[in-house]
Amino acid sequence: MLGASNYDTLPSAIASENDTKGAVVPTTLMTQVCRMLGISTPIIQAPIGSATTAELAAAVSGAGGLGTLALTWVTPQEATRRIRSTRWFTDRPFGVNLVLDFPVDHVLAACLEEGVPIISTFWGDPASVNERVHAAGALHLHTVGSTDEARRAVDAGVDVVVAQGWEAGGHVRGRVATMALVPAVVDTVHPVPVIAAGGIGDGRGLAAALALGAQAGWLGTRFLAALEANTHESYRAGVLRATESDTVYTRCFDGGWPNALHRALRNSTITEWERAGRLPSPRRPGEGEVLATTRDGRSHLRYDDMIPTADASGDLEAMALYAGQSTGLVTRTAPAAEIVRTIAAQAADIFEH
């Protein structure tokens with residue numbers, strides 16, 4: 001049961017159409033976070049690394065959600081290009097994501113100079129950038145994996161906390177499941193709003209997150225199968241085939257991001273590494289072997305944290321195939337806007353009925 005102080009976080013179904021029988025047709029959901037971010041639907045596309053494109057972020061934003069660009073590992077010039085490209089596709093708000101364990105000062109400066117209204121951060125101290133974000137008039141979101149981390153983020157001045165359960169795909173901050181983490185974080189940081197991440201793949205998951213006191217859902221795995229995502233067709237097919245039991249919480253793919261736990265689809269690299277006793281680098285099976293190349297001429301090694309992008313060729317099955325436990329709910333590809341609308345309609349229908 002929700003505490004009384006949290007009832008105001010539940011969304012209201014906004015009706016804008018009636019069918020021929022006069023019944024109300026719910027068309028959108030609205031929460032405090034929606035109003036803060038300037039969006040009409042409490043769906044946020046997680047920063048899915050190299051799979052993110054300007055087209056994907058723009059499509060999500062254009063459908064009423066919040067698209068996000070992942071810009072940690074690009075140059076300031078490339079960050080500017082991607083921001084401007086996204087603006088070419090949509091005039092709706094979108095955000096950028098930066099991982100604070102890496103040098104991001106110059107990229108952050110480029111984002112703020114371009115007037116990006118929403119900066120989300122991860123895996124580091126949000127206090128290191130909060131003042132700059134606010135001085136530029138932007139909102140600051142920060143992802144956490146525990147109530148202690150949530151408390152520190154609020155003390156640092158963040159505007160919104162993203163509570164990431166360990167079901168999430170990609171790099172995972174904590175070890176607590178979404179169902180337990182979200183209400184605990186909501187209670188800890190109230191009245192600062194909370195967004196739920198991890199294990200949300202459809203409208204039922206979004207409705208559940210909202211019922212737990214979160215004010216939006218943060219979805220990554222579902223958008224790997226969006227037509228606009230920069231995922232190789234074999235990677236996308238793997239996500240579509242996988243069940244909720246086919247992911248592994250591991251340290252396996254640490255090349256480029258050491259000591260960062262993550263969740264990925266089980267594949268030959270993970271299986272062989274486990275059979276060898278989870279040996280540390282550089283004694284792992286196939287260490288240093290080139291698995292794939294991309295159009296820009298870069299080579300990607302076994303155990304690198306790189307995913308198979310659309311332009312990759314080689315032994316793609318053995319690369320990092322990040323995905324969350326919601327992969328069992330991802331059964332088909334679709335345009336990102338359709339994904340947003342379908343999930344929102346299902347969640348609104350649940351609250352309506």
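Simple point charges give the picture: +1 on the Cβ of Lys and Arg, -1 on the Cβ of Asp and Glu, and for the chain a dipole about the Cα centre of about 280 debye.
Using the Cβ-Cβ distance between ARG283 and MET36 with R0 set to 45 Å, the FRET efficiency works out to roughly 0.40. Ordering CYS111, CYS34 by the number of other Cβ atoms within 10 Å of each residue's own Cβ, fewest first, gives CYS34, CYS111. Here the label points at VAL290 and ARG332, each 7 Å from Cα along the C-beta direction, are separated by 4.1 nm in the simple model.
For the range 233-328, what is the relative contact order in percent, using Cα pairs closer than 8 Å and at least 6 residues apart in sequence? Each step should come with its number before you reach the end.
Values: 158 pairs, mean separation 35.0, N = 96.
Worked out over the range 233-328, it gives 36 percent.
Look at where the Cα atoms of the range 134-200 and of the range 56-110 average out, and the two centres are 20 Å apart.
Treating only the Cβ of Lys, Arg, Asp and Glu as charged (+1, +1, -1, -1), what charge dipole size does the range 186-294 show about its Cα centre? Round to the nearest 20 debye.
Working: 11 positive and 11 negative charges, 37 e Å.
Dipole of the range 186-294, to the nearest 20 debye: 180 debye.
Contact order normalised by length for the chain, with contacts defined as Cα pairs under 8 Å and 6 or more residues apart; what percent is it?
Working: 811 pairs, mean separation 61.9, N = 353.
Relative contact order comes out at 18 percent.
The Rg/Rh ratio for the range 29-151 is 0.94, where Rg is the radius of gyration of the alpha carbons and Rh is the Kirkwood radius. Taking every DSSP beta bridge that has both ends in the chain, the antiparallel portion is near 40%. Taking VAL74, VAL144, VAL107 in turn, the Gaussian network model of the chain (Cα-Cα springs below 10 Å) assigns the largest fluctuation to VAL74. This model, with +1 at the C-beta of Lys and Arg and -1 at the C-beta of Asp and Glu, gives the range 92-152 a dipole about its Cα centre of some 220 debye. Shape summary of the chain, radius of gyration then Dmax from alpha carbon positions: 19.6, 69 Å. How high is the FRET efficiency between ARG275 and GLU317 when r is their beta carbon distance and R₀ equals 22 Å, given to the nearest 0.05? After rounding, the FRET efficiency stands at 0.85. Rounded to the nearest 500, the helix-only mean residue ellipticity at 222 nm of the chain stands at -9500 deg cm²/dmol, with each DSSP H run of n ≥ 4 adding -39,500 (n - 2.57).
Computed on the range 123-189, with alpha-carbon pairs under 8 angstrom and 6+ residues apart, the relative contact order is 30 percent.
What number results when the radius of gyration of the range 233-328, computed over Cα atoms, is divided by 2.2 N^0.38 Å?
Numbers: Rg = 12.7 Å, N = 96, 2.2 N^0.38 = 12.5 Å.
Working it through for the range 233-328, the quotient is 1.02.
A cut-off of 5 Å between modelled amide H atoms, ignoring neighbours fewer than 5 places along the same chain, links GLY95 with GLY67, THR68, LEU69. Spherically averaged projected area of the convex hull of Cα atoms, the range 100-259: 10.2 nm².
Length gained on full extension, ALA135 to SER245: 35.2 nm, using 0.36 nm per residue less the C-alpha separation.
No value in this document is a laboratory result; all are computed from the given coordinates. Please read these numbers as outputs of a predicted model, since none were measured by experiment. With ideal geometry, Cβ positions are generated from the backbone for all residues, glycine too; neighbour counts draw on all protein chains shown.
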